[in-house]
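Contents: one structure, followed by commentary.
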Amino acid sequence: MTVLLMSRTEIDRVHVLKDLLAERIRTGEAAQLLGVTSRQVFRLLRAYHDGGPAALASKKRGKPSNRSYLQRYGKPVAFYSDKHATFRVNKVGATGGNGMTQFGRALDQLNIDIICANVPQAKGRVERANGTLQDRLVKELRLEGISSIEAGNAFLPGFMEDFNRRFAKAPFNDKDLHRPLVENDDIDEAFAWKEERTVSQSLTLQYDKMLFILEPTPVTRPLARQRVTIYDYPDGRFAIRHQGLDLPYRTFDKVQQVDQAAIVENKRLGATLAYIAERQKKLNMSPSGRAPRRQGQGKSIFKAG
């Protein structure tokens, strides 16, 4: 017999979703009863359909709450941005992936929408701030004779205080309209960089110029030609998962390996060594540009670049 620990709110969700599945209530009514958006109702309904009541139980129960390190902030209803490729997929006819960028996927997981401005005037405040940083700040640095990053960083607090004193305007309403985080908002999971890979017949996969070899176990052996998900966390942690299960692996750094030389005659050895040396000078030792940047990252299997 399996005992499932659920809160009163989670139990109420089960009852509301049962009524919705039985068509006793509509989606809008379910959203009102649960205090969530209609999109969140569909997300909960999918989870309930796939995993039953257990899928609605918080995965964070018994663990430190996100609020323990995010007490001052909640989450907005939506982000208002331009059409940069960070926020939306701009490639016409794109067929790969799920139609979301990494940023968009993280917001979707936290139930936050993205609204893209259609005219440049809609983001004028941001552009004016950029103009200030690219014009006034540069001139102030020059007048102070600042030419190093260290000196610039030391100068910035005073510049910001003076700039805000002269130009800042108080908001019409100082009420914090951020929504509080809920139990299902897993910040660590949302902010992880996620990419899917296909496992080869030899149980290998590639990511960020690294070759990962799955340890042969009863769980991993059937995964040849199957899709797995890479989880690259901001703090340097790394995981390979299939259907939520962590897979054991080891790494093989392709960048650090030198191709084995072909057999050559002694009289050609000098030229061959010169060729190898020149090729090694040009070898790109940096990680790929598609993976997340790693400045300030703690212990990681990747070199911080």
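The values are calculated or read from the model by the stated rules, or taken from the named source; none is laboratory data. Remember, predicted model here, so these are calculated numbers, not experimental data. Don't worry about glycine lacking a Cβ; one is built from the backbone with ideal geometry, like all the others, and counts go over all protein chains shown. Protein only, heavy atoms only, side chains kept; ligands, DNA and RNA dropped before computing areas. Shrake-Rupley method; radii C 1.70, N 1.55, O 1.52, S 1.80 Å.
Some points to look at:
- Exclusive hit being open to solvent by 50 Å² or more (accessible area, probe 1.4 Å) and in contact with a helix residue (DSSP H, G or I) (Cβ under 8 Å, 6 or more places away or on another chain), set Phe167, Phe163: Phe163
- Among residues of segment 139-149, those that are closer than 19 Å to Asn164 by Cα and loosely packed, with under 10 Cβ neighbours inside 10 Å, counted: 1
- Pick from segment 203-227, criterion open to solvent by 80 Å² or more (accessible area, probe 1.4 Å) and part of a loop (DSSP other than H, G, I, E, B), ranking: nearest to Tyr48 (Cα to Cα): Gln226
- Top-ranked residue in segment 84-143 [being at pLDDT 80 or above and polar (S, T, N, Q); ranked as nearest to Ala154 (Cα to Cα)]: Gln134
- Scanning segment 1-13 for residues that are outside any helix (DSSP H, G or I) and surrounded by 15 or more Cβ atoms within 10 Å (Cβ to Cβ) turns up just one, Met6.
- Complete set of residues in segment 14-47 that are open to solvent by 30 Å² or more (accessible area, probe 1.4 Å), touching a helix residue (DSSP H, G or I) at 6+ places or on another chain (Cβ under 8 Å), part of a helix (DSSP H, G or I) and in contact (Cβ under 8 Å) with a residue 24 or more places away in the chain: Leu21, Leu45
- Asp174 falls short of the stated requirement of being in a loop (DSSP other than H, G, I, E, B) and open to solvent by less than 70 Å² (accessible area, probe 1.4 Å).
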